[in-house]
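Structure first, commentary second.
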Amino acid sequence: MMNNIFVYLEIEGRTVADVSLELLTKGRKLATRQGCRLEAVAIGSQLDGIEAQVLPYGVDVLHVFDDPKLAPYTTQPHASVLIRLFKEEKPQICLMGATVIGRDLGPRVSSALKSGLTADCTSLEIGDHADGKTGKEYKDLLYQIRPAFGGNIIATIVNPEHRPQMATVREGVMKKEILDPKHPGTVVKHKVADYVPDTEYVIKVIDRHIQKAKHNLKGAPIVVAGGYGMGSREGFDLLFELAHELHAEVGASRAAVDAGFADHDRQVGQTGVTVRPKLYIACGISGQIQHLAGMQESKIIISINTDPDAPINAVADYVVVGKVEEVVPKMIKYYKAHSK
Amino acid sequence: MSLKIVVLAKQVPDTRNVGKDAMKEDGTINRAALPAIFNPEDLNALEQALKLKDAFPGSTVSLLTMGPGRAAEILREGLYRGVDQGFLLTDRAFAGADTLATSYALATAIRKIGDFDIIIGGRQAIDGDTAQVGPQVAEKLGLPQVTYAEEILNLDKKIRTITILRHIDGGVETVEAPLPLVVTVNGSAAPCRPRNAKLVMKYKRALGAQEKAALMQNGAELPYADLYETRPYLNLTEWSAADVDADLDQCGLNGSPTKVKTVMNISFQAKENKSLTGSDNDVEELVVELLSNHTIG
Ligand SMILES: Cc1cc2nc3c(=O)[nH]c(=O)nc-3n(C[C@H](O)[C@H](O)[C@H](O)COP(=O)(O)OP(=O)(O)OC[C@H]3O[C@@H](n4cnc5c(N)ncnc54)[C@H](O)[C@@H]3O)c2cc1C
């Protein structure tokens, strides 16, 4: 059977990245809906036994490309594998993480196959499409849904004529769920040289440092997030103080990151981290759709904003209309007073 | 050996100033309604190019942008900072392009520029954040790519290799790549140098053909018309799809595999919420409530 759904597996060391497992979970649902198979592609070195991490997510076929030269990741060898494999297998859909690797690899592959690629999708669904101009009808396309530019707008993107329909999704957007620990799947070991000519190994990685993450924003039960309304990097110090008291992590809007108030890895939203804490305190954040995409599933949301009509207030459980520089110190003060 | 460097830059709507009527019916952006700026990461890219030019005297930096007539502003901004020549790729046929059609058009223009050692662009543009155009241009030209670059550490002219520090998920790596190649530069890289006052004097009247036409609307005379004959560098180069031999089926909406199906304006159903002031009383009450229902503490 052809025209299946493929997920590119990102592998660091010998571990499949969470974002890939999340995509397998989503891919499984889409494959069941389409009545096709879910296939995964593992490219790297020393991949023996990797299927144990992958098949339980409902993967029917795992393609393995195992060669010392394939790790660490470099662009062309991995692209070459996917391009050739996809020419043979003709997938209908290909999903990748919107990570540094996925964002390096996805466009290269989509360009070679002349297929469309939508970045940073926040939702993926299946549906029909009628072309407005030609009137042509398309059945069961992948709806690639992402916030669009300008106002609170969500766009649905389709690729009517080109395959595979490619999309990237950030880590944490989809949920990861094992389908069946004993899901039967086939492992196909490919001969790497048939897919990657020697001429593709052109980039040498001479040095590599992975630091331990400085913070655990993704998994924090409480997030104190600041926006452009914090006014300065010093303004953010106040948020770190509150976060320290609450055992919380600090997040930021993109406007705050762009203004240099906070580091990029703290950005919450469509093109940042997705969080689902039990409490999200938004300080001086207006709440544009790209920001909401990364936090609206928080259990309780508090908005502190001078503007009573800030869009974020619509998703908030508590709205404090006031200046952050006044409200946040009071929160710290009363928390200290009452938490004993 | 001097280097031939091509910088890719985009004029983008300033996403910090988005108005309500920013979208057109077909889901593409109505750029005319927004203030336009030099895409921030493209400025980081330009700086890396100018640094190479400083290090290898005799090198040239060409700046390539695609957009409407007013995107000539990008070329002037480049010239003010030390770019040697600018090209504006502009044609109605390019309108509505997704990243694939954009990279196709840019690749044809780069081929027309011809001789190059390095193509440098920003990692991504702030109006889409896709980071797709750099790698797609590289693929179209059959070149290696190094994305998320922080700094060009070394360039060995003899063996034609470049060493680049780049970001990866959770860290950094150093890679060595052969020339020619495509590099995309991260926003954390060195900021771009300011305009050079002398170069501003030299190029401030530089205009593209569409800008001139706009000034001469309704029979008005082009200010300083004779300057454009005596100083040919004031005429900014504009290329159409035909000028770069682009296949129209691969340009603009025609050449875009992704189509915007629908654009939905969503208004959130306002949750039932508790509205408070910033008074001591209200804040204290809030903190006590959160403590008592174990949300905090
Ligand atoms: C392709 C793309 C991707 C994007 N991805 C993301 C993303 O991942 N994450 C993200 O956050 N954004 C993202 N954005 C940007 C997003 O559209 C908004 O521009 C951004 O979220 C706005 O940030 P902000 O709310 O901090 O700033 P603003 O919109 O400027 O809001 C500042 C708020 O602070 C309030 N304020 C001002 N002073 C005070 C004060 N003293 N006390 C209390 N309140 C005060 C104001 O009333 C206002 O509500 C993206 C945009 C694009 C185009």
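With the structure loaded, tell me whether A:PRO181 is in contact with a Pro (Cβ under 7 Å, 6 or more places away or on another chain) and farther than 23 Å from A:GLU297 by Cβ or whether it fails that test. In short, yes. Considering only residues in the range A:228-254 that are small (Gly, Ala, Ser) and closer than 21 Å to A:VAL173 by Cα, the one that is farthest from the chain's Cα centre (by Cα) turns out to be A:ALA248. No other residue among A:LYS175, A:LYS212 is within 18 Å of the chain's Cα centre (by Cα) and loosely packed, with under 13 Cβ neighbours inside 10 Å apart from A:LYS175. For the range A:327-337, check the following and say yes or no: at least one residue is in contact (Cβ under 8 Å) with a residue 12 or more places away in the chain, crowded, with 24+ Cβ neighbours inside 10 Å and more than 17 Å from A:ILE222 (Cβ to Cβ). No, the range A:327-337 has no match at all. If you go through the range A:215-227 and keep only what is modelled with pLDDT of 95 or more, within 14 Å of chain B (Cβ to nearest Cβ) and either over 20 Å from the mean Cα position of the chain (by Cα) or away from the ligand (no atom under 13 Å from the Cβ) (or both), you end up with A:ALA220, A:PRO221, A:ILE222, A:VAL224, A:GLY227. Restricting attention to the range A:62-84, does a residue exist that is of a type in the set (Val, Ile, Thr) and more than 14 Å from chain B (Cβ to nearest Cβ)? Among the residues of the range A:62-84, at least one is of a type in the set (Val, Ile, Thr) and more than 14 Å from chain B (Cβ to nearest Cβ), which makes the answer yes. Listed by position, the strands (runs of 3 or more DSSP E) inside the range A:234-320 whose residues that are within 11 Å of chain B (Cβ to nearest Cβ), modelled with pLDDT of 95 or more and more than 7 Å from the ligand (Cβ to nearest atom) number at least 1 are A:279-283, A:300-305. Note on the range B:245-297: residues that are on the phi < 0 side of the Ramachandran plot, in a loop (DSSP other than H, G, I, E, B) and surrounded by 15 or more Cβ atoms within 10 Å (Cβ to Cβ) amount to 12. Against the conditions (1) modelled with pLDDT under 95; (2) buried (at least 18 other Cβ atoms within 10 Å of the Cβ); (3) β-branched (Val, Ile, Thr), where does B:ILE159 fall short? Just the number, please. So B:ILE159 meets the others, but not (2). Here the condition is being in contact with a His (Cβ under 8 Å, 6 or more places away or on another chain) and β-branched (Val, Ile, Thr); of A:ILE285, A:ILE300, A:ILE332, it holds for A:ILE285 alone. Within the range B:119-131, being within 12 Å of the ligand (Cβ to nearest atom), in contact (Cβ under 8 Å) with a residue 12 or more places away in the chain and either more than 17 Å from B:PRO191 (Cβ to Cβ) or surrounded by 24 or more Cβ atoms within 10 Å (Cβ to Cβ) (or both) holds for B:GLN124, B:ALA125, B:ASP127, B:GLY128, B:THR130, B:ALA131. The single condition from (1) within 14 Å of chain A (Cβ to nearest Cβ); (2) in contact with a Gly (Cβ under 7 Å, 6 or more places away or on another chain); (3) more than 20 Å from B:LEU181 (Cα to Cα) that B:THR90 fails is (1).
Kindly establish whether A:GLY135 is within 14 Å of the ligand (Cβ to nearest atom) and in a loop (DSSP other than H, G, I, E, B). Taking the combined requirement at face value, the residue does not satisfy it.
The values are calculated or read from the model by the stated rules, or taken from the named source; none is laboratory data. None of the values given here were measured: they were computed from a predicted structure. Positions of Cβ are generated from backbone atoms using ideal geometry, with glycine treated the same way; all protein chains shown enter the neighbour counts.
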